[in-house]
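The numbers here are math on the coordinates, done by the rules we state, and not lab data. Being a predicted model, the structure only gives us computed values, none of them experimental. Quick reminder, even Gly has a Cβ in these numbers, built from the backbone with ideal geometry, and neighbours come from all protein chains shown.
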Amino acid sequence: MHTFTQSETLKRLPEQFFARLVKKTQDLKEKGHDVIILGQGNPDLPTPDHIVKALQKAAEDPVNHKYSPFQGFDYLKEAVAAFYKREYDVTVDPGREVAVLFGAKTGLVEVSQCLLDSGDLALLPDLGYPDYLSGIALADAATEFMPLLKENDFLPDYKHLSESILEQAKLMFLNYPNNPTAATATEAFFDETVELAKKYDICVVHDFAYGAIGFDGKKPRSFLQTSGAKDIGIEMYTMSKTYNMAGWRVAFAVGNPSVVESLNLIQDHLYVSLFGAIQHAAAEALKGDQTPVRQLADTYEARRNCFINAVREIGWDVEAPAGTFFAWLPIPEGYTSESFADVLLEKAHVVVAPGNGFGQSGEGYVRVGLLDTEERLQEAVDRIGKLNLF
Ligand SMILES: Cc1ncc(COP(=O)(O)O)c(C=O)c1O
C-alpha cells in the first residue's frame, strides 16, 4: 500500500496532548477497573427533552431534507439575535452580525485562517483551549503567549506585551469563564481589552463557551456587553454547554460584521450549512423555556460545592471556581502536573487533566471536570484522600 506524504500544513498541527491520557484510561478500564473520568470536558447530562422533540419533529419535515441555505436559516440567526438581546441586552443584526458554525471548535480554527496570513502574529492566552493553536498552525501564523497567572486572577496582563508585539498582533483569543482555570472576567478587564484592541487594530475573539455557567448568583459577562466590542471583535457562543448539545455541533460567531462575512466566506467553500432539523431545534432551544439552563448551572454549582468541600476536608487547599464546570487545583510539592495526574490515575483510578496540557503556565496544576454525580465526585476525593498526599 502506498503511503502518501502529509502536506507541510498538516505537519504543523500541534500534537494532541491528551491522547496519551485517553489511552492510559482505556487500558485501565479494559483491565476491569472502576475508573472515575474527570479529565475531559464532555457534558454528562442529556439535551433537554423539548429540544430533542423539536429535532424529531423537524427531521420529518421534507423541507429539512434538502440542502440548507449556505449561511444558515434566517430564523436561526434571528433567534441568536433575540437570545443576545434577552440575555445580555446586546443588539445584533442577524443578517450581518451572526454566523452559524459547526460548533465553536470549527469557528475558532476557521477564524485564524480568515484573518491571518503566513507569519502574522496572534496573541494567545497561555492556558487555553488547545484548538486556538490548531487554527494558527493551519494559517502558518506566529504566536505570542499571554500568561494567565493566579496573581492576576488568571487574566492576561497587557502591560507585559511590548510595543512591537502589539503593533504586529492581528488577532487575540480570550475565553471567560475560562477553561481550564474557571476564572471569570471583570467589566474593567473587557473595557481595557477593547481600548487596547482599538489602539493597535487587533481583532478580539472571545470564546464564551461557558457563558451560562456562573456561580454564587453572578451571571458571566458577554464580551459584547462592553462598549465598542463589536467594532473590534466577535464572540463565539456554543450550544454545547448551555444546552448539553455537544454532539449536535451548533455554535455562532456574533459581532463584527467583517469577521462574520469572512467566516461565512470560508464556510461557503468548506460546507453547506447544518442539517435544517438541527437548526430548527437550535432555534427552539434559544427561544424556548430556559428553566433547564438555570437548573444545569445549579447542578454544576451543587457539584462544585460538594467537590470543593470534600477536597478541603482531605487537606487539599484550593479555591472555589467562579464558573465553568472545571476546578483548577494546585498540586502538592514534589510532583509535576503529569506525574501527579499519573499517581491519581494509577493509584486512585481517578482521571484528571495535567495542567501543562493547556500551556506552560499550567505546570503545577491539574484540571478536574465536575462531570459526574456528587456521589462519584465524593468517591473520587475519598480515593484520593486515602493516598495521604496532602
Ligand atoms: C473553551 C472552549 N471553547 C470551545 C469549545 C468547543 O465547543 P464546541 O463543542 O462548540 O466545539 C470547548 C469545548 O470543550 C471549550 O472548552
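Less than 13 Å from a label point 7 Å out along the Cα-to-Cβ axis of D89: which backbone N atoms in region 210-241 qualify, by residue?
It comes to 222, 225-227, nothing else.
Can you check what the net charge comes to around P354, using other residues whose Cβ is under 13 Å from the Cβ of P354 (Lys, Arg +1; Asp, Glu -1)?
My count for the surroundings of P354 gives 0.
Non-local amide H neighbours of D207 (under 5 Å, H modeled in plane, Pro and chain starts lacking H): which ones?
L174, N175, Y176, M236
Which order do the peptides 296-302, 12-18 take when ranked by the mean count of other beta-carbon atoms within 10 Å per residue, highest first?
Top to bottom by mean Cβ count within 10 Å: 296-302, 12-18.
Going through region 345-390, which GluC sites (Glu not before Pro) have at most 15 other Cβ atoms within 10 Å and a DSSP loop state?
In loop regions of region 345-390 (DSSP not H, G, I, E or B), the sparsely surrounded GluC sites (Glu not before Pro) are E363.
Could you tell me the relative contact order of region 123-197? Use alpha-carbon pairs under 8 Å, at least six residues apart, and round to a whole percent.
Relative contact order for region 123-197 comes out at 34 percent.
Projected area of the chain, taken from the Cα convex hull and averaged over every viewing direction, in nm²?
Average of the hull's projected areas for the chain equals 21.0 nm².
Roughly what angle does helix 74-88 make with the longest principal axis of the chain, taking Cα atoms, 0 to 90 degrees, to the nearest 10?
Once rounded, one gets 60 degrees.
Per-residue HN-Hα couplings for region 163-174, Karplus 6.51 cos²θ - 1.76 cosθ + 1.60 at θ = phi - 60°, whole Hz, x for Gly and Pro?
Values per residue, Gly and Pro as x: 4, 5, 5, 5, 5, 7, 5, 10, 9, 9, 9, 9 Hz.
If you take the square roots of the eigenvalues of the alpha-carbon gyration tensor of region 185-254 and sort them as a ≥ b ≥ c, do you get rounded (a/c under 1.5), prolate (a/b over b/c) or oblate?
Judged from the Cα gyration tensor, region 185-254 comes out oblate (a/c at least 1.5, b/c at or above a/b).
Give me the lysines in straight-line cross-link reach of K11: C-alpha distance below 29 Å, same-chain residues under 8 apart excluded.
K23, K24, K105, K170
To the nearest Å, what is the center-to-center distance of region 161-198 and region 101-120, using C-alpha atoms only?
17
Could you order the peptides 269-277, 325-333 from most to least packed, using the average number of other C-beta atoms within 10 Å per residue?
Ranking, from highest mean packing down: 325-333, 269-277.
Once both labels are modelled 7 Å past Cα along the beta-carbon direction, what's the R96-Q6 spacing in nm?
Reported label-point gap for R96 and Q6 is 4.1 nm.
In vacuum, with every alpha carbon of region 76-209 counted as one equal point scatterer, what does the Debye formula give for log10 I(q)/I(0) at q = 0.14, 0.15, 0.20 Å⁻¹? Two decimals, please.
Calculated log10 I(q)/I(0) at the listed q: -0.68, -0.78, -1.32.
Limiting things to C-alpha atoms, what are the Rg and the maximum Cα-Cα separation (Dmax) for region 1-121, in angstroms?
Both quantities, over Cα of region 1-121: 21.0, 59 Å.
Using 1/(1 + (r/R0)^6) with R0 = 35 angstrom and r between the beta carbons of H269 and D157, what's the FRET efficiency to the nearest 0.05?
FRET efficiency, H269 to D157: 0.35.
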